[in-house]
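Beneath this line is the structure, given in structure tokens, with notes to follow.
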Amino acid sequence: MKDSSFLKEFLFRKTQVGAIAPSSKYLTKKMMTGLSLATAKVVVELGPGTGVFTEELLNLIGPKTQLLIIEINTRFYNDLKEKISDPRVTLINGSATDIEIYLKKMNVIEADFIISSIPLAVLPSSLRNRVILSASQALRKKGTFIQFQYTLQSQKLLEKVFSGVRIKHCLLNIPPAFIYTCTKE
Ligand SMILES: C[S@@+](CC[C@H](N)C(=O)[O-])C[C@H]1O[C@@H](n2cnc3c(N)ncnc32)[C@H](O)[C@@H]1O
């Protein structure tokens, strides 16, 4: 999918897509830095859009890692379905509020890493809470949840739900982004 099509999806569904363009390669790298993805059993990606993080994840995860990808937008989902043919991937057209349900269908209990692009700041607060709780419940103890955002609006919520929250900044993205790295006790 072209960047112009991403913009079109944004114009039709602002509060779902939450960005005018796909994330930069710099943000992509910074999101994944320091994560032991090669030895992970289960990785979840929330809101892949056109798949910029997905491509990098497929390079970084191990041969036995299972990657669950959840995208709510049917156009993005259909494009990804055409593009990805990797036996490690389970691609779902569904909601990030239901991670445990999809893991269960894969006979998996929990995830080691959850990488999220969900536009928390533009969601109604009840939906935002449900997404974060869904991620926290699906994550194993000592697992890591990584979320990027354009503001620090969700910091308090993430600090309430996770035992540790570190924040990095990525200037080389439009717009510049904050990366939350959250751990579960
Ligand atoms: C800001 S875009 C990020 C796309 C891509 N990961 C990137 O970084 O370029 C947010 C993505 O989250 C998806 N999304 C929004 N709400 C969702 C939900 N509840 N469950 C799954 N995906 C969702 C949107 O459709 C969109 O693809």
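The values are calculated or read from the model by the stated rules, or taken from the named source; none is laboratory data. A quick note: this is a predicted structure, and the numbers were derived from the prediction, not measured. Using ideal geometry, Cβ is built from the backbone for each residue, glycine included, and neighbour counts are taken over all protein chains shown.
Inspect region 65-76 for any residue being under 24 Å from Cys182 (Cα atoms), over 16 Å from the mean Cα position of the chain (by Cα) and surrounded by 19 or more Cβ atoms within 10 Å (Cβ to Cβ) and give the result as yes or no.
Yes, that holds for at least one residue.
In the list Thr90, Thr97, Thr54, which residue meets the criterion of being in contact with a Pro (Cβ under 7 Å, 6 or more places away or on another chain) and not basic (Lys, Arg)?
Thr54
In this structure, is Lys64 more than 12 Å from the ligand (Cβ to nearest atom), farther than 26 Å from Glu110 by Cβ and either of a type in the set (Ser, Thr, Tyr) or out of contact with any Lys or Arg (no Cβ under 7 Å at 6 or more places or on another chain) (or both)?
So Lys64 does not fit the description; no.
Name every residue in region 3-31 that is surrounded by fewer than 18 Cβ atoms within 10 Å (Cβ to Cβ) and either away from the ligand (no atom under 13 Å from the Cβ) or more than 22 Å from Glu82 (Cβ to Cβ) (or both), in order of residue number.
Once the filter is applied, which keeps residues that are surrounded by fewer than 18 Cβ atoms within 10 Å (Cβ to Cβ) and either away from the ligand (no atom under 13 Å from the Cβ) or more than 22 Å from Glu82 (Cβ to Cβ) (or both), region 3-31 yields Ser4, Leu11, Lys14, Thr15, Ile20, Ser24, Lys25, Tyr26, Lys29.
Kindly evaluate Arg13 against the criterion of being closer than 22 Å to Thr151 by Cβ and more than 15 Å from the chain's Cα centre (by Cα).
In short, yes.
If you go through region 124-153, how many residues are outside any helix (DSSP H, G or I) and within 15 Å of the chain's Cα centre (by Cα)?
9
Starting from region 74-100, keep only residues that are outside any strand (DSSP E or B), then list their pairs with residues that are basic (Lys, Arg) and near the ligand (Cβ under 9 Å from one of its atoms) whose Cβ atoms are within a distance under 6 Å, requiring at least 6 positions of separation or different chains.
Hits for this filter: Thr97/Arg130.
Return yes when Glu82 is among the acidic types (Asp, Glu), exposed (fewer than 15 other Cβ atoms within 10 Å of the Cβ) and farther than 22 Å from Lys25 by Cβ and no when it is not.
yes
Do we find that Ile101 is within 25 Å of Thr15 (Cα to Cα), at pLDDT 95 or above and either away from the ligand (no atom under 15 Å from the Cβ) or surrounded by fewer than 18 Cβ atoms within 10 Å (Cβ to Cβ) (or both) in this structure?
Yes, satisfied.
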